[in-house]
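Participant: Supplied in structure tokens, the structure appears directly below.
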Amino acid sequence: MARLQDTPPRGGIDIRDLSMTYRRGREVTQALSACSLTIPEGGWASLIGASGCGKSTLLRILADIVQPSGGSAMLSGMTPAEARATRGFALVSQQSVLLPWRRMLENVELGLEVARADKAERRKRAEEAIELVGLRGFERAYPHELSGGMRQRAAIARALTLRPRFLLMDEPFGALDELTRASLNFELLRILEETSATLLLVTHSIAEAIILSDVVAVMSPRPGRIVHQLEIGFGHHRTDAMRDDPAFAAYEAELRHALHGDPGVTRQPIRQPAFA
């Protein structure tokens, strides 16, 4: 059994009144306005909303790529800059960004190589992560020899070598076909259970958000703000059978209504899921 987390994560994500304004000459664009969201330690949350509503901007703020114009974002009591310095989070994007001249194992080791980790420790962590994502036996393959789903698993493995407390994922499965995407959704659930990481996922898929979340936050069109939050009552031990639960359809209906209608109104009552 792979072991990647020596100690459990401490604390969650706390976003308060976050705002972001971009200025290009005289042009001013407000991307985010008064966004607030709390994700407890070990919790899973998703952001959904129209394209351009600021979902990825919020994730980039947490990843210390851009600085907010106002408000605060904390990860386990640390600012994004402090969390970056301690390798407290890992960011996984839609593109796997594997170096084509490096074998899969070498790509997985890359984050630790940049961090100047000991060679033996790099290899140990990379092999653990590769086993965890189900790629054992493909260590010597080059990226062009791997399927899209396998390349994305390798990117997730590379993130896991850092033993992050937080996984920040920006549409990680958006470029994959539906069957591969569905399979990787449940692979990610297994990984989250084994590592106890806290997840914040950006997605355009309502079903994916339900499968991978304890809470789904709906964002308004730009300037993005969180207009609705829906708690998902399936617990953390989930299987594909959850899709057949009537509660799943009710969650989908409420989230569609929040995206396109009055976010304060639920279309139908949601009973406790059978798989909770």
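The values are calculated or read from the model by the stated rules, or taken from the named source; none is laboratory data. Fair warning: this is a prediction, and the values are worked out from it, not measured in the lab. Backbone-built Cβ (ideal geometry, glycine too); neighbour counts: all protein chains shown.
Participant: Of all residues being within 19 Å of the chain's Cα centre (by Cα), of a type in the set (A, V, I, L, M) and assigned to a loop (DSSP other than H, G, I, E, B) in the range 86-102, which is surrounded by the most Cβ atoms within 10 Å (Cβ to Cβ)? Just the residue, please.
Facilitator: LEU98
Participant: Hey, could you check the range 156-188 for residues that are among the basic types (Lys, Arg) and within 14 Å of GLY111 (Cβ to Cβ) and say which is surrounded by the fewest Cβ atoms within 10 Å (Cβ to Cβ)?
Facilitator: Looking at residues that are among the basic types (Lys, Arg) and within 14 Å of GLY111 (Cβ to Cβ), I get ARG163.
Participant: I'd like to check something: does the range 60-81 contain any residue that is out of contact with any helix residue (DSSP H, G or I) (no Cβ under 6 Å at 6 or more places or on another chain), within 19 Å of THR195 (Cβ to Cβ) and part of a helix (DSSP H, G or I)?
Facilitator: The answer is no; no qualifying residue exists.
Participant: Could you check the range 194-228 and list, in sequence order, the residues that are acidic (Asp, Glu) and out of contact with any Lys or Arg (no Cβ under 9 Å at 6 or more places or on another chain)?
Facilitator: ASP214
Participant: Quick check, is PRO143 under 27 Å from HIS204 (Cβ atoms), in contact with a strand residue (DSSP E or B) (Cβ under 7 Å, 6 or more places away or on another chain) and either assigned by TED's automatic domain parsing to the domain that holds HIS236 or surrounded by 18 or more Cβ atoms within 10 Å (Cβ to Cβ) (or both)?
Facilitator: No: the conditions fail for PRO143.
Participant: I'm checking my understanding of the structure. Among residues of the range 155-183 that are in a helix (DSSP H, G or I) and in contact with a Phe, Trp or Tyr (Cβ under 8 Å, 6 or more places away or on another chain), which one is farthest from LEU200 (Cα to Cα)?
Facilitator: Here the residue is THR180.
Participant: Looking at the range 201-256 only, could you name the residues that are more than 28 Å from LEU18 (Cα to Cα) and of a type in the set (D, E, K, R)?
Facilitator: ARG238, ASP240, ARG243, ASP244, ASP245
Participant: How many residues are free of Cβ contacts under 8 Å to residues at least 60 places away in the same chain, touching a strand residue (DSSP E or B) at 6+ places or on another chain (Cβ under 7 Å) and surrounded by fewer than 21 Cβ atoms within 10 Å (Cβ to Cβ) when one looks only at the range 229-253?
Facilitator: Number satisfying all stated conditions: 1.
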